[in-house]
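See below for the structure under consideration.
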Amino acid sequence: MSYDNWEDELLNFDYSNPVPQERPKAEFNKPDLKSFDSPQQVDEAIRREETRAKRLQEEYRKIREAARAQQEAPVEIPRRAQAVTPEQQHMNAAAQQEAYRQFREEYSDKKPISNQASKKASKAAKSAVIKSASRAAGAAGKAAGFYKFTKILSVPYIALLAVFAVVMTLMNVLPFFWWVAMLVVLGLLSAIIVAQLRKTNIKKWAKVLSTLMAVVLMFFYGLGTVYALGTLSFLDKTSVQNDSKVAHITKEPFNVLITGMDVWGKVDEPGRSDVNMLVTVNPKTEQILMTSIPRDYEVYMPDKGMAMDKLTHTGFYSVDTTIGAVENLLDTEANYYVKVNFSTIVKFIDAVGGLDFNNEEEFTSAITGHTYKKGMIHVQGRGALYYARERKAFMGGDNQRIKNQQLIFSEMLKKATSSKTMLLSYNTVLSELDDYFEMSLSSREIRSLLKLQLAKNIKWQMYKNTIVGGNGSLATYSTGGTKCYVMTQDPTSVANAQDLINAVLNGQELTKDKDDNVIIKVETESEGE
């Protein structure tokens, strides 16, 4: 039977005709390449699909053979049917027609595919296989390119890790245990990451994960290296030679004179020394004493033949003149100094995003006319500067100004050591202060103090003391014999300041009395036991 015009030939249907030919090979189901990670997985999926198609074809063949055998079986004709009447013949013809109708309906559902259609189906299947193979090859090419990229990525990763380790070793700010632990962790983690980056016979998800981890750690190495190099550069630029330093800054107590000039611009610009504070630090007792000296205080300058002048005027000559006058007044050695000016304060506070603190008394600045409300306030650089400079708005005058200066200094110290500043504004602060900051602490000493802070997480006890004096009108060295306002020395206040400084240097503990004055803590008999 020809199956190109099978419907016409069914009109001459005879039960002796053979059963129609088998259906062609089941159509190949194209696999979804997006679900595979490699060409090998694609080949395996193709083989599984071909096996399934062959199995379905075999099952169909068995079903058709069973149908053919049933149709070819002999039919027993009853003896009484040998004599057939016209009515019976009519009934037999009707039965045959009904059988033909049922067969045609059944056969139509299983219509064989023509040779031409079979060729088209075969061609389509081949085209699908070719496209699948092409896409698999493309996916394999992309995978090979990604694997090559990860191998290349391992090289800069190792280089950045090596640079980071060297720079952090030179920086030497981490405690020994921290540094060793960090090296061990980074070493083990990096060994795993590099091995994953360079392997080719691993899962794609493992490759992607190791690549992401490598990129994150490379960013960390780069950021840490930039921070460390920026710190070393800043400390080298701002540090000057010092013959008064202590031998071991993390073990011995020391004094630092902070002097603030009343000028804008670079820190080497000459001007009056308006802010003077001797900071006494004892690393063993974890105490810090800030001793403030009024700007108009009566002092004597050793390098000027012990001539008398106001402390603020010593800034016209040099920072050494200021240091000598303070050392003479307090009978102690200023081991280090830090020199700043208006620009330093403004640039630092602006770089860290301003200061937030509690203002105990509302006042209006006589300099700018701005009103500082009572309670928690936020100030930027210039606002903080004018807050610290104001004295005419207070009954206490210069004494209240000193308290405000101590408050601003404390808030700046807190902001400088906060984790948020270290992470977000560190390099900005360093770059802003390059030309506006000078100190006699060396880079090594600063890093040693930082290392000590990280190792012990010291909770410093901070105390503030202010020297007081009387009102006078005296001729000074800088005025050439012309009288001007001078805060005369108060021997009792000066002696008390000397005692407090010596107590901290000698390891004695400080405390406060009921009037909030700083005093030396007296050890009771029960405490001694």
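The values are calculated or read from the model by the stated rules, or taken from the named source; none is laboratory data. If you're wondering where the values come from, they're calculated on a predicted model, not measured in any experiment. Here the Cβ positions follow ideal geometry from the backbone for every residue, glycine too, while neighbour counts run over all protein chains shown. Side chains included, ligands, DNA and RNA excluded: accessible areas come from the protein's heavy atoms. Shrake-Rupley method; radii C 1.70, N 1.55, O 1.52, S 1.80 Å.
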Additional length obtainable on full extension of the chain from E361 to W264, 0.36 nm per residue less Cα span: 32.1 nm
Potential lengthening between T250 and L189 on full extension [0.36 nm per residue; Cα-Cα distance subtracted]: 18.6 nm
Gain on full stretching of the segment that runs from L450 to A69 - 0.36 nm per residue minus C-alpha separation: 127.4 nm
Projected label distance in nm at F219 and T169, using a 7 Å step from Cα toward the beta-carbon: 2.8
How high is the relative contact order of region 153-221, in percent, with contacts defined as C-alpha pairs under 8 Å that are six or more residues apart? 48
Please state the relative contact order of region 305-400 as a whole percent: Cα pairs under 8 Å, 6+ residues apart? 20
Using protein chains only and a probe of 1.4 angstrom, how many square angstrom of R68 are accessible, to the nearest 10? 70
Pairwise centroid distance, computed over Cα atoms, of region 288-318 with region 170-245, Å: 47
If R0 = 35 Å, then W205 and S233, at their Cβ-Cβ distance, give a FRET efficiency to the nearest 0.05 of 0.25
